[in-house]
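Working notes for the structure below.
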Amino acid sequence: GWLRTGLLLGLVTLPAVFLLDLRIYAELAELRTHGVEAAMQVITHLGDGAVDIGGLILLGLIGWWRGDHGLRARGLIGGAAVAGAGLVEQVIKNVTCRARPIAPDAGDFFVDFPCFPARYAHASFPSGHATIVFATAVFLALWYPRRAPIFLALALLVGLSRVVVGSHFPVDVWAGALIGTAMALGVHAYVPAARRRQELGN
């Protein structure tokens, strides 16, 4: 489907984003007015793990309460899968040791390598918020296709916010989005319960 095509295009263009990373960051930094940054500081919390994973688990609990086995399975499996995407991102973050834009050696990889556990200033690549929010948005887009543009637009805004507030470089967000998207598509494709609809009589 179109989400898989988007994932493939994202992978193909990843090297180009990496090469243009600092230039794109500088361009986006010019958008950083007080009002824009204040708005982005709010939007960025939509990518918090507690918000996204918690929201999916809540869907699962609502399904359990209503006797909707499909919703229960999707919510709980989705929540677990998004947490799994976050774990993958954390492993990569602790191997690449990239300095955040706020750090003196901003943009450098393998700073103080091995950096496990990576300090905040050296945990830029990939973006955890982007990983989490894209995994969540893709799951929701697959389950509720008519609202897919809303979910994905919010994910894009969260990704943009991570750059505008100065927490990440563009390629950090790009890579996080790819990890989250790949996890959601993989689980949806290969875990039947993640696709279940309401089953009457069960």
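The values are calculated or read from the model by the stated rules, or taken from the named source; none is laboratory data. Everything quoted here is computed from the prediction, not taken from an experiment. As a convention, Cβ positions derive from the backbone with ideal geometry for all residues, glycine included, and neighbour counts pool all protein chains shown. Surface areas here come from the heavy atoms of the whole protein model, side chains and all, with no ligands, DNA or RNA. Shrake-Rupley method; radii C 1.70, N 1.55, O 1.52, S 1.80 Å.
Specify which labelled value, from (i) 17.5, 61; (ii) 16.2, 50; (iii) 18.3, 66, agrees with Rg and Dmax of the Cα atoms in Å derived from the coordinates of the model shown.
(i)
Quote to one decimal, in nm, the extra length available between ARG23 and ALA80 on full extension: 0.36 nm per residue of separation minus the C-alpha distance between them.
My answer for the length gained is 16.9 nm.
Quick check: pseudo-label points 7 Å beyond the Cα along Cα→Cβ at LEU14 and LEU58, how many nm apart are they?
So the label points at LEU14 and LEU58 sit 3.2 nm apart.
With every protein chain left in place, what is the accessible area of THR33 in Å² (1.4 Å probe, nearest 10)?
Using a 1.4 Å probe on the heavy atoms, I get roughly 70 Å².
Express the accessible area of region 121-187 per residue in Å², computed with a 1.4 Å probe while the remaining protein chains stay in the model. Walk me through the numbers before you get to the answer.
Working: 1960 Å² over 67 residues.
It amounts to 29 Å² per residue over region 121-187.
Sum -39500 (n - 2.57) across every DSSP H segment of at least 4 residues in the chain, then divide by the residue count to get the 222 nm mean residue ellipticity, nearest 500.
-23000 deg cm²/dmol
Which of ALA29, PHE116, GLY49 sits closest to the plus end of the dipole of the chain, meaning its Cα is farthest towards the positive end, when Lys and Arg get +1 and Asp and Glu get -1 on the C-beta?
GLY49
Using R₀ = 45 Å, calculate the FRET efficiency as 1/(1 + (r/R₀)^6) where r is the Cβ-Cβ separation of VAL191 and GLU30; round to 0.05.
Here the calculated transfer efficiency is 0.55.
All other residues with a Cβ under 14 Å from the Cβ of GLY107 taken together, and with Lys, Arg as +1 and Asp, Glu as -1, what is their net charge?
Here the count lands on -1.
Using label points projected 7 Å from each Cα along Cα→Cβ, tell me how many nm separate THR5 and GLU37, to one decimal.
The modelled label-to-label distance comes out at 4.0 nm.
At 1.4 Å probe size, with no ligands or nucleic acids counted, give the accessible surface of VAL88 in Å², nearest ten.
About 60 Å², rounded to the nearest 10.
Can you tell me which of 150-162, 103-115 comes out highest on packing, and rank the rest after it, using the mean Cβ neighbours within 10 Å?
Details: 150-162: 20.4, 103-115: 14.4.
Averaged packing, sorted descending, gives the order 150-162, 103-115.
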